[in-house]
Amino acid sequence: MKEKKSITIRRNKSGSKADRKHMKRRMLRIDWLLTSLPSSRSLRLLGDPGKLPLIHLFVASQQYIFGFYENSILNSAFTAEYGLLLRLNDKLKQEEKTEIAKTGGLGFSEAIKKSTGSLIDEKLAKNLRVLNNLRNMAAHPSNWVTLFKQLDQNLFLNQKAMENWISKVTKKSKKAITGSLKDELDLEKAKEALERLRAFKDERFGKLPDLEWAAHRSTLKAQTNIVKEYSEGMIRDMILNKDVIKMVNQPSGAAKYIQKRYPYPEELAIKAMEIAYSTIEKLGFLADQ
């Protein structure tokens, strides 16, 4: 396991000190995964087709460490899909395979359905459907750009929409929320933090094109739910746990504070790797090595 870590750090000596620091943090965050996989040297010696899912999960881990989150998601999905297909290849009779071929083949969604009840349980199947949606989201530029637009709308202060969403999540009116924070919240600093966030939003998201018209509708619906799920956690922290007070105490760092606390694309990559790992563990690929 030390071999993998030293390789990762050595390859990144050309990056800035800050880049290396972020890479090391990400590497430590998935140490549980790196220590569960065979060594990179072992994976390079393919030999056994059963290594294919493990190779893709290792690649997903490396892409995550480098900060290529959409690529990490894609390789996590490859991990799970390879695992399902290899096990189905052993399980299905030849006539079943012939029938599948006649009807156009077996995609990830169909592989999940085909495996549920025999190779995987419903709980894992549900998580795999989430991974499939994450894969679709990362694979289609229109959906990935729209994700950032949705983050913009839900987290970076389309003010009226944000107020409505905060009230829905906290089950409190704007007046009640203001009342609960007024004695501790410096309004001048809060106003400055808000302006800083808006400036960040305009600089970071304002130049992105609106590609929602081209987004895959079923994936768009799934990612809207994902954004809502993650933004709920942020709102509870900010309002109910009063983390907004910590944020506005240093208004110039408001955007950095949110980025550090709520790195959503990174969280999606972590989620994808966790589901992929659970899949190959359930299917026995780790025990085979």
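Taken together, the values in this text are just the output of simple stated rules run on the coordinates, not laboratory data. These numbers come from a predicted model, not from an experiment. Please note: Cβ atoms are built from the backbone with ideal geometry, for glycine as well, and neighbour counts cover all protein chains shown.
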Label model pair ASN225, LYS171: point-to-point distance (7 angstrom along the Cα→beta-carbon line) in nm is 2.2 nm
If one compares the long axis through the Cα atoms of helix 217-235 with the longest principal axis of the Cα atoms of the chain, the angle in degrees, nearest 10, works out at 50 degrees
Long-range share for the stretch 141-268, i.e. C-alpha pairs more than 19 Å apart as a percent of all pairs, stands at 50 percent
One finds, for VAL130 and ILE245 with R0 = 35 angstrom and r their Cβ-Cβ distance, a FRET efficiency to the nearest 0.05 of 0.55
Looks like the stretch 241-289, by Cα gyration tensor root eigenvalues a ≥ b ≥ c and the a/c under 1.5 rounded cutoff (else prolate when a/b is bigger than b/c, oblate otherwise), is prolate
Of TYR277, TYR64, TYR262, the most mobile residue in a GNM of the chain (C-alpha springs, cutoff 10 Å) is TYR262
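If you rank LYS207, LYS91 by fewest surrounding Cβ atoms within 10 Å, what's the result?
LYS207, LYS91
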In the list [x] 20.7; [y] 21.3; [z] 19.6, the entry giving Kirkwood radius over Cα pairs in Å computed from the coordinates is [y]
So for R0 = 25 Å, FRET eff. of LYS191-LYS260 from the Cβ-Cβ r, to 0.05, ends up at 0.70
Each label sits 7 Å from Cα toward the beta-carbon; between PHE68 and THR103 the label points are separated, in nm, by 3.6 nm
Once normalised by the length of the chain, the mean sequence separation of its alpha carbon contacts under 8 Å that are 6 or more apart gives a contact order in percent of 27 percent
